[in-house]
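Here is the structure we will look at, set down as structure tokens.
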Amino acid sequence: MTKETQLIAEFSNRSRVRISPENYTKRVRLFLYAGIALIFLFDLYLLLSSRLTFLNLGVIASSIILGAGVYFFCSLKIKSTVVKGDTLIVKSLSQKNKVASLRSIKNVRTKSLMGIQWTNLKFSLDGRNESILFFGKSSQLPISPEVAIREAVKMSKKRKANLKPGPVSAH
């Protein structure tokens, strides 16, 4: 059984399927904290190694602002994604879960560069459009996240179509 047919079987059984890699939010949070620590160490080195000048203060201030901007962007956009049955479960870095229907997905796009895939997923939740982003190695996942999500949406629409009542005949 190929990985793609195995994934389709898991969608048919309505089991839990990870779209993003395992322990994804923990690794991203650790990476962000390490980045903040590196910026802090760089700023500390710059303060202690040379004289205090406006140029040094400007570099320190801009690195702090840039680091804070990257941190807040990542904490808002980067999330972990799981599909279970007909629902999309999204877990943010702050451990808050959001649950949406697979039919609320508006757009999914995966791009790849040097073995790293990044997927942008747009969906509607409670009348608001949401956008999430997640990264992963191409070799970690059996198939592209875009293909997996599109297959899950297609199967969800089929299941919903099968639940509709057929034509009623009058005898």
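Name the residue that is surrounded by the most Cβ atoms within 10 Å (Cβ to Cβ), counting only residues in region 1-17 that are among the hydrophobic types (A, V, I, L, M, F, W, C) and modelled with pLDDT under 75.
Looking at residues that are among the hydrophobic types (A, V, I, L, M, F, W, C) and modelled with pLDDT under 75, I get PHE11.
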Problem set entry | Complete set of residues in region 82-98 that are farther than 21 Å from TYR71 by Cα and of a type in the set (S, T, N, Q) | THR87
For this session: Out of the residues in region 44-84 that are surrounded by 14 or more Cβ atoms within 10 Å (Cβ to Cβ) and of a type in the set (Ser, Thr, Tyr), state the one that is farthest from TRP118 (Cα to Cα).
Result: SER63
For this session: Quick one: LYS154 ticks every box in (1) within 16 Å of the chain's Cα centre (by Cα); (2) modelled with pLDDT of 80 or more; (3) not aliphatic (A, V, I, L, M) except a single one, so which number is it?
Result: (1)
Exercise. Only one of (1) open to solvent by 50 Å² or more (accessible area, probe 1.4 Å); (2) closer than 30 Å to ASN129 by Cα fails for GLY35. Which number is that?
Worked result: (1)
Exercise. In region 28-43, what residues are within 15 Å of GLN95 (Cβ to Cβ) and in contact (Cβ under 8 Å) with a residue 24 or more places away in the chain?
Worked result: VAL28, ARG29, LEU32
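I'd like to check something: does region 18-25 contain any residue that is over 23 Å from the mean Cα position of the chain (by Cα) and modelled with pLDDT of 80 or more? Reasoning before the result, please.
The initial filter retains those residues of region 18-25 that are over 23 Å from the mean Cα position of the chain (by Cα), namely none.
Scanning region 18-25 turns up no residue that is over 23 Å from the mean Cα position of the chain (by Cα) and modelled with pLDDT of 80 or more.
Name the residue that is farthest from LEU125 (Cα to Cα), counting only residues in region 85-109 that are assigned to a helix (DSSP H, G or I) and open to solvent by 20 Å² or more (accessible area, probe 1.4 Å).
Residues of region 85-109 assigned to a helix (DSSP H, G or I): 102-104.
Now narrow it down to the ones that are open to solvent by 20 Å² or more (accessible area, probe 1.4 Å): 103-104.
On the way: ARG103: 11, SER104: 7 Å.
In this case the residue turns out to be ARG103.
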Problem set entry | Exclusive hit being closer than 24 Å to VAL108 by Cβ, free of Cβ contacts under 8 Å to residues at least 40 places away in the same chain, in a helix (DSSP H, G or I) and not charged (D, E, K, R), set THR25, THR5 | THR5
Seminar exercise, completed: Here the residues within region 113-135 that are under 20 Å from GLU22 (Cα atoms) and either surrounded by fewer than 14 Cβ atoms within 10 Å (Cβ to Cβ) or of a type in the set (Lys, Arg) (or both) are GLY115, ILE116
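The values are calculated or read from the model by the stated rules, or taken from the named source; none is laboratory data. Just so it is clear, the model here is predicted, and its values are computed rather than measured. A quick note on method: Cβ atoms are made from the backbone with ideal geometry, for glycine too, and the neighbour counts reach across all protein chains shown. Heads up: the accessible areas ignore ligands, DNA and RNA and are worked out on the full protein's heavy atoms, side chains in. Shrake-Rupley method; radii C 1.70, N 1.55, O 1.52, S 1.80 Å.
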